[in-house]
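One structure, as structure tokens, below. Some questions next.
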Amino acid sequence: MKYVKSALALLSASSMIAVSACNSSSSPPAPGIDPGDAAAQAAPAGPLSKYAVPIEVTTVRTVDPSVKFAGDDTVDDNEWSRAYRDELGINLKYKWVATSGEDATQKMNVMIASGDLPDIIPVTAGQLKQLVDAEMVADLTDVYAKYASPLAKKFMDGEQLNSAKFNGKLMAIPNTNASIDGANVLWVRTDWLQKLNLPEPKTMDDVYKIAEAFAKRDPDGNGKSDTFGLGINKGIIGGGIMGLGGFFNGFHAYPGAWVKDAFGRIVYGSIQPETKAALLKLQDMYKAGLLDKEFGVKDGNKTAEDAVAGKVGLYYGAMWNPINPLQKGKDLDPSMEWKAYPIVSVDSSPARPQVGNPVFVYYAVKKNAKHPEAVMQMVNLFIEKGWGEKQDFDHFFGSPAGIELFKHAPFNAWSPTKNLDVYLSVTNSLKTGDTSKLNGEQKAVYDKIKQFNAGDNKQWNQARVFGETSSFAVINQYKNNNLPLMNQFFGAPTKSMGDKKATLDKMELETFTKIIMGDSIELFDKFAEDWKKLGGNDMTKEVNDWVKSVQ
């Protein structure tokens, strides 16, 4: 079921951004409001209060052509726009609606360059910094303090809110998501494990042995040497399918992330000695024929095809992988069985999965907009409809006739434990049979898993994401043991990052690929030194300065 893919759905929902402006306010005036404007003094008293005099708010957004609406509803008139009007007194208008990310980027760049901004501007971290540096957006510190609902503050306080701060001032409202959803799990074909009489993976040695067996002992039984030991894509550490972030984490290495060293300083994980050790092991595995010799030209989509075709049975991936691509493989071969396991460690210290800031969109407000609080009110409403005392999942988040209602909302903020809560609630109901406390989404997942248990193989993915033996069972273990390791830098790109990061990232990927494929491991030391000289030292200083600024 499509809503299950919420960690990804958050991305699609986030991309349908809106920007708002208002024209009325109350006493005392909200920040940015002209005290002489009588209409502007009709601002609501607090979170979720309705404007006494309706206001108009402008915005922009992207709506993919695949997004559907019921009946006569449109992007301009739907259940969310009507709720803004009827419950908040906000009439939402769009200055433009893009149909693709590329189209939106072009329109956004032109809009920012011209200064012709809507009242509420959906932006990336980089675009937010650009607007802040140009002094084009409002300080929302007081707006958040006064208008964010208690539940909104519960969702946002911490790293995600801090990522929108500049010199201590809150310059946008973040679209919050769940960082823990991004933690890697280890996906294993358990039907192959059983066939080859192999143990479940509990150590890194187990991973090596399983990889060797899957590559060399004909697990698919076709008499050909056509299976890989451990899945890997050309991005090496990135991607939700066959990136090796979880493998590196097993060596206590955190490539691509900023982490604390033994002295409390923030350092770049890719140049640390633990990363070198992990690369050396991958080189050994490549030489032994345990990795795909063609991984350097395969992206996540290509490696997904290998999983579907039964060419690989062991890889590091995301919690949502049963939905895509593994269900396709299950449809083709019902005997195919995958199970998620926690990532494993190279020694006695537990492996800690790295996670990052999951904010992909920020809602900034044009400087001097009459109603900067309007964006917070609409975000409050999204949170209220999803998780508040008056939640109404079926009418605002559900998928009647395949129409994903949550995608109609221009301003989002998701519970940081949304998917984990689905797992906990559904598994409890599966044990007790009591579904009375399930919300609409949770009940739908429960029903799908019951259908799978009754023999409907099409719902296998639901059981493997949210059931008792699932990726979220693993993520729950991570949470209970306080294992996820947060990237310590979650702000807007620093100056040196804007100037040098793309070049350094390219150098990093090329170096890692060469080492895995057999170049001298000493190449790593040269890479680390070059990285520092070519901008890495400057980035490190800027990151440490930023961390101090938000503490």
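Within the stretch 439-467, which residues are within 18 Å of Phe393 (Cβ to Cβ), among the aromatic types (Phe, Trp, Tyr) and open to solvent by 10 Å² or more (accessible area, probe 1.4 Å)?
Hit for the stretch 439-467 is Tyr446, nothing else.
Return yes when Asn476 is in contact (Cβ under 8 Å) with a residue 40 or more places away in the chain, polar (S, T, N, Q) and either open to solvent by less than 40 Å² (accessible area, probe 1.4 Å) or farther than 21 Å from Gln354 by Cα (or both) and no when it is not. Break it down into steps so the answer makes sense when it comes.
Working: in contact (Cβ under 8 Å) with a residue 40 or more places away in the chain: yes; polar (S, T, N, Q): yes; either open to solvent by less than 40 Å² (accessible area, probe 1.4 Å) or farther than 21 Å from Gln354 by Cα (or both): yes.
Against the criterion (in contact (Cβ under 8 Å) with a residue 40 or more places away in the chain, polar (S, T, N, Q) and either open to solvent by less than 40 Å² (accessible area, probe 1.4 Å) or farther than 21 Å from Gln354 by Cα (or both)), Asn476 qualifies.
Considering only residues that are free of Cβ contacts under 8 Å to residues at least 24 places away in the same chain and part of a loop (DSSP other than H, G, I, E, B), look in the stretch 149-161 and name the one that is surrounded by the fewest Cβ atoms within 10 Å (Cβ to Cβ).
Out of the qualifying residues, it is Asp157.
Output the residues belonging to the stretch 249-269 that are of a type in the set (D, E, K, R) and either open to solvent by less than 50 Å² (accessible area, probe 1.4 Å) or within 21 Å of the chain's Cα centre (by Cα) (or both).
Within the stretch 249-269, Asp261 is the sole residue that qualifies.
Here is a follow-up. Run Asp447 past the list (1) touching a Leu at 6+ places or on another chain (Cβ under 9 Å); (2) at pLDDT 95 or above; (3) assigned to a helix (DSSP H, G or I) and report the number of the one that doesn't hold.
Evaluating Asp447 over (1) touching a Leu at 6+ places or on another chain (Cβ under 9 Å); (2) at pLDDT 95 or above; (3) assigned to a helix (DSSP H, G or I) leaves (1) as the failure.
Every residue in the stretch 162-177 that is open to solvent by 10 Å² or more (accessible area, probe 1.4 Å) and within 29 Å of Asn476 (Cβ to Cβ), please. Talk me through it step by step, then tell me what you get.
Keep residues of the stretch 162-177 that are open to solvent by 10 Å² or more (accessible area, probe 1.4 Å), which gives 162, 165-169, 171.
The answer is Asn162, and nothing else.
So which residues in the stretch 53-77 are of a type outside the set (Val, Ile, Thr), surrounded by 15 or more Cβ atoms within 10 Å (Cβ to Cβ) and under 27 Å from Tyr144 (Cα atoms)? Give the steps one after another, and end with the answer.
Filtering the stretch 53-77 down to residues of a type outside the set (Val, Ile, Thr) leaves 54, 56, 61, 64-66, 68-73, 76-77.
Adding the requirement that they be surrounded by 15 or more Cβ atoms within 10 Å (Cβ to Cβ) leaves 54, 56, 61, 69, 73.
Selection gives Pro54, Glu56, Arg61.
Separate question: Of all residues in the stretch 162-186, which are part of a loop (DSSP other than H, G, I, E, B), modelled with pLDDT under 95 and more than 29 Å from Ser470 (Cβ to Cβ)?
Of everything in the stretch 162-186, those that are part of a loop (DSSP other than H, G, I, E, B), modelled with pLDDT under 95 and more than 29 Å from Ser470 (Cβ to Cβ) turn out to be Ser163, Ala164, Asn167, Gly168.
Give all pairs with beta carbons closer than 6 Å in which a residue from the stretch 439-457 that is more than 24 Å from Glu389 (Cα to Cα) meets a residue that is open to solvent by 50 Å² or more (accessible area, probe 1.4 Å) and at pLDDT 95 or above; count only pairs at least 6 apart in sequence or on separate chains.
As it stands, the answer is Asn457/Pro334, since those pairs meet every condition given.
Same structure, new question: Does Phe411 fit the bill of being of a type in the set (Phe, Trp, Tyr), at pLDDT 95 or above, open to solvent by less than 40 Å² (accessible area, probe 1.4 Å) and not in a loop (DSSP other than H, G, I, E, B)?
no
Only one of (1) at pLDDT 95 or above; (2) closer than 30 Å to Leu161 by Cβ; (3) acidic (Asp, Glu) fails for Glu522. Which number is that?
Against the list (1) at pLDDT 95 or above; (2) closer than 30 Å to Leu161 by Cβ; (3) acidic (Asp, Glu), Glu522 comes up short only on (2).
Same structure again: Kindly establish whether Lys501 is open to solvent by 60 Å² or more (accessible area, probe 1.4 Å), touching a helix residue (DSSP H, G or I) at 6+ places or on another chain (Cβ under 9 Å) and either under 19 Å from Tyr268 (Cβ atoms) or not in a helix (DSSP H, G or I) (or both).
yes
Does Ala374 qualify as being within 24 Å of Ser415 (Cβ to Cβ), of a type in the set (Gly, Ala, Ser), touching a residue at least 40 places away in the same chain (Cβ under 8 Å) and out of contact with any His (no Cβ under 8 Å at 6 or more places or on another chain)?
For Ala374, the condition - within 24 Å of Ser415 (Cβ to Cβ), of a type in the set (Gly, Ala, Ser), touching a residue at least 40 places away in the same chain (Cβ under 8 Å) and out of contact with any His (no Cβ under 8 Å at 6 or more places or on another chain) - is met.
Taking the options Leu509, Leu430, name whichever one is in contact with a Gly (Cβ under 8 Å, 6 or more places away or on another chain), modelled with pLDDT of 95 or more, over 30 Å from Ile266 (Cβ atoms) and surrounded by fewer than 21 Cβ atoms within 10 Å (Cβ to Cβ).
That would be Leu430, the only listed residue that is in contact with a Gly (Cβ under 8 Å, 6 or more places away or on another chain), modelled with pLDDT of 95 or more, over 30 Å from Ile266 (Cβ atoms) and surrounded by fewer than 21 Cβ atoms within 10 Å (Cβ to Cβ).
For the stretch 324-343, give me each residue that is surrounded by fewer than 20 Cβ atoms within 10 Å (Cβ to Cβ) and among the aliphatic types (A, V, I, L, M).
Leu332
If you go through the stretch 364-399, how many residues are of a type in the set (Asp, Glu), assigned to a helix (DSSP H, G or I) and buried (at least 18 other Cβ atoms within 10 Å of the Cβ)? Steps first, please.
The first filter runs over the stretch 364-399 and keeps only residues of a type in the set (Asp, Glu), leaving 373, 384, 389, 392, 394.
Subsequent filtering for residues that are assigned to a helix (DSSP H, G or I) retains 384, 394.
Among the residues that remain, those that are also buried (at least 18 other Cβ atoms within 10 Å of the Cβ) are: 384.
The number of residues fulfilling the criteria is 1.
Here is a follow-up. Which one is nearest to Lys418 (Cα to Cα) among residues in the stretch 345-363 that are surrounded by fewer than 23 Cβ atoms within 10 Å (Cβ to Cβ) and in contact with a strand residue (DSSP E or B) (Cβ under 7 Å, 6 or more places away or on another chain)?
Val355
For every residue, the table says whether it meets (1) in contact with a Cys (Cβ under 6 Å, 6 or more places away or on another chain); (2) modelled with pLDDT of 95 or more; (3) of a type in the set (Asp, Glu).
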position: Val57; (1), (2), (3): yes, yes, no
position: Asp73; (1), (2), (3): no, yes, yes
position: Glu79; (1), (2), (3): no, yes, yes
position: Thr105; (1), (2), (3): no, no, no
position: Met108; (1), (2), (3): no, no, no
position: Ile112; (1), (2), (3): no, no, no
position: Leu117; (1), (2), (3): no, yes, no
position: Leu140; (1), (2), (3): no, yes, no
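Sticking with this structure for a sec: Report yes if some residue within the stretch 473-488 is assigned to a helix (DSSP H, G or I) and under 30 Å from Arg82 (Cβ atoms); otherwise report no.
Taking every residue of the stretch 473-488 in turn, none turns out to be assigned to a helix (DSSP H, G or I) and under 30 Å from Arg82 (Cβ atoms).
Then there's this: If I ask for residues that are of a type in the set (Gly, Ala, Ser) and touching a helix residue (DSSP H, G or I) at 6+ places or on another chain (Cβ under 9 Å), which ones from the stretch 264-287 would you list?
Taking the stretch 264-287 first, the residues of a type in the set (Gly, Ala, Ser) are 264, 269-270, 277-278.
Those that are of a type in the set (Gly, Ala, Ser) and touching a helix residue (DSSP H, G or I) at 6+ places or on another chain (Cβ under 9 Å): Gly269, Ser270, Ala278.
Taking the criterion of being hydrophobic (A, V, I, L, M, F, W, C), buried (at least 19 other Cβ atoms within 10 Å of the Cβ) and within 30 Å of Glu542 (Cβ to Cβ), would at least one residue in the stretch 186-200 satisfy it?
No, the stretch 186-200 contains no residue that is hydrophobic (A, V, I, L, M, F, W, C), buried (at least 19 other Cβ atoms within 10 Å of the Cβ) and within 30 Å of Glu542 (Cβ to Cβ).
Follow-up. Across the stretch 124-138, which residue is most open to solvent (accessible area, probe 1.4 Å) among those that are touching a residue at least 24 places away in the same chain (Cβ under 8 Å) and farther than 20 Å from Phe360 by Cα?
For the stretch 124-138, the residue satisfying everything is Glu135.
Could you give every pair whose Cβ atoms fall below 6 Å, whose first residue belongs to the stretch 183-209 and is in contact (Cβ under 8 Å) with a residue 12 or more places away in the chain, and whose second residue is open to solvent by 20 Å² or more (accessible area, probe 1.4 Å) and acidic (Asp, Glu), counting only separations of at least 6 or pairs across chains?
Partner pairs satisfying both residue conditions: Thr190/Glu337; Asp191/Glu337.
Which of (1) of a type in the set (D, E, K, R); (2) open to solvent by 20 Å² or more (accessible area, probe 1.4 Å); (3) within 23 Å of Gln327 (Cβ to Cβ) is the odd one out, the single condition Lys418 does not satisfy?
(2)
The values are calculated or read from the model by the stated rules, or taken from the named source; none is laboratory data. Please read these numbers as outputs of a predicted model, since none were measured by experiment. Virtual Cβ from ideal backbone geometry, glycine too; neighbours counted across all protein chains shown. Quick note on the areas: whole protein, heavy atoms, side chains included, nothing else; ligands and nucleic acids left out. Shrake-Rupley method; radii C 1.70, N 1.55, O 1.52, S 1.80 Å.
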